[in-house]
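Structure first, commentary second.
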Amino acid sequence: MAFDFPQSTKGSHNLVENPAIVEFNPKPNSKEISVTNFVRNIKPESEKGEIFKGKSKLNSKKGIKGSGSGLNQSSVPGDVVIGNGRSITDLPPVLISEIFNCLDPKDLGIVSCVSSILLSLASEHHAWKEFYCERWGLPAAFVAPESGIGDAGLDEKSWKEIFVEREFRSKIFMGRYSMDVLRGHTEAVRTVFLLASAKLIFTSGYDTVVRMWNMEDGLSIASSKPLGCTIRAVAADTRLLVAGGTDGFIHCWRAVEGMPHLFELRSSQHNQNTEVRLWGHDGPVTSLALDLTRIYSGSWDTTVRVWDRHSMKCTMVLRHSDWVWGLVPHDTTVASVSGSDVYVWDTNSGNLVIIVPYAHVGNAYALARSRTGDFIFTGGEDGSIHMYEIVHDSYATEASHVATWDPHSGPVYSLAFEFPWLVSASSDGKLALIDVRQLLRTSKRALGKRATKAKHSGEVNVEPPQRMLHGFQNNLYSVDIGAERIICGGEEGVVRIWNFTEALEIERRVRALRGMRLEQRMRRRKLQTELSSKGGRSDQCSVAAKKNSVACVWPSKRGMSGKTKA
């Protein structure tokens, strides 16, 4: 760890030319950092450093050190050691916590490897929870405790362990997969939705029926009655299921308490109070989304309507200049695509925050958003995928273009995002997996914002998609990702699931074997070190030679030459 001293600090300009030991004033009320004045005693024969009175030595290659007798036993090479043998671990925990707040997950993990004290402080730091929530949101056990999962398993783990495990699982989409095919629809599938917390899949399309599937075994659980129109959008959480179609209605099913699969899709006398229809759009409903208090719907009538979940009444209408193709809410804003433009609205005031004109050549069909809401991904009729960053300034809010991909030969109809993977579905029958880990900055701090904006102001080296998945003939209309699976529906009328849980198990076994090999290697190295330190290597070899010694008479050259002559 290193400290950057302000320019106003006395003696900071002379640290290079006149090296000295940096000492923090131990007085609690002192706010200044001073440089202790040492009297040099330079030995002419020494060229490695300078010896000061006080038995303190500075070596430019090894950092700043204090006297050996005063060092804390927990300090290691690389620690910043303060006068009287104090290290950075002696700082107040609040100050260390503030330092850790400036680090990203990778740097925080590196800091935890420095010493046992920093390992304890970094592992228990609250930033791990923030990192997890910024990337994936709260775990399902916190979001839906009524599901019976409980948070006992999470209480046994620290947030660092939960984060590391989730980060490990996010890397399996480059591994082996198995493909499952769900058959039941009689016509093209227009929309798919994965509710990972309840292990349910919802699909619908031209056959006007909403179907519910079990995510684990792929079996059909239930299906609704024919709704009389093509269903183009489905969204759900553990309390509400909504579906919208070309008739302009929004069909809603409330969760039934005690049902193992949450929703009763078949109409009956018992569920009359759980099924509701909302009407307000004058055209087909093309997109739906939910949050804790609202329902969002987009339509070809050029509006986005915001509904109150409790009263089931429309509370706000956001008008666009063209057909609305997609929307994604986040906190107090909702992003939408209309025509070829991208909009960001404030749902509290109804004001337009940002507009990105002509984001695509032709219509912008698909929209996705990062968990923090700072990054927006769009796909359009031109086959391109664009990434924008929403930069909040004290004066204004701007949309900065970050990257562009062109993995498809046809229009991009759907996008789905789960950190760090962006998945796109196109009319060319292919899925593209794009890792945006290097482009995303999950930090919400102002310094991070300015750094990101400066980084993206010039040219950005964008890697091509890491993987292309095939399996359909043409026209993929909808895609979703989660729970180590990718679900897609298209013109064929079937739902395909790319299941990567097998890759997860394989990677876990590989990691376990790698850990065993490393442990064995460390044991052998420790044993060799002990033997070499005791001189046991030569003794061991000599003992082995004595045990295996065989009485052999080797004829010398002289003897052989004498016998030959004889």
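The values are calculated or read from the model by the stated rules, or taken from the named source; none is laboratory data. Just so it is clear, the structure is predicted and the values come from calculations on it, not from any experiment. Here Cβ is always computed from backbone atoms with ideal geometry, including for glycine, and neighbour counts include all displayed protein chains. SASA here: full protein model, heavy atoms, side chains in, ligands and nucleic acids out. Shrake-Rupley method; radii C 1.70, N 1.55, O 1.52, S 1.80 Å.
Which three extents, in whole angstrom, do the alpha-carbon atoms of the range 184-279 cover along their principal axes, largest first?
Cα spread of the range 184-279 along its principal axes, largest to smallest: 32, 30, 20 Å.
State the Kirkwood hydrodynamic radius of the range 311-427 in Å, one decimal place, computed from all pairs of distinct Cα atoms.
14.5
How do 522, 468, 312 rank by accessible surface area computed with a 1.4 Å probe, from largest to smallest?
From most exposed to least exposed: 522, 468, 312.
Could you work out the local net charge near residue 295, counting Lys and Arg as +1, Asp and Glu as -1, over the other residues with Cβ closer than 14 Å to its Cβ? All intermediate terms of the calculation are to be shown ahead of the outcome.
Values: positive: 239, 254, 277, 294, 305, 309, 313; negative: 237, 291, 308.
Value of the local net charge: +4.
Please list 417-428, 248-259 highest first by mean number of surrounding beta-carbon atoms within 10 Å per residue.
417-428, 248-259
Past the 31 Å Cα-Cα mark, which pairs from 171/526; 160/430; 225/313; 157/199; 129/171?
171/526; 160/430
Which order do the peptides 278-291, 99-112 come out in when sorted by mean C-beta neighbours inside 10 angstrom, highest first? Each step should come with its number before you reach the end.
On the way: 278-291: 19.1, 99-112: 15.3.
Going by the mean number of other Cβ atoms within 10 Å, highest first, we get 278-291, 99-112.
Divide, for the range 285-331, the radius of gyration over alpha carbons by 2.2 N^0.38 Å, where N is the residue count.
1.07
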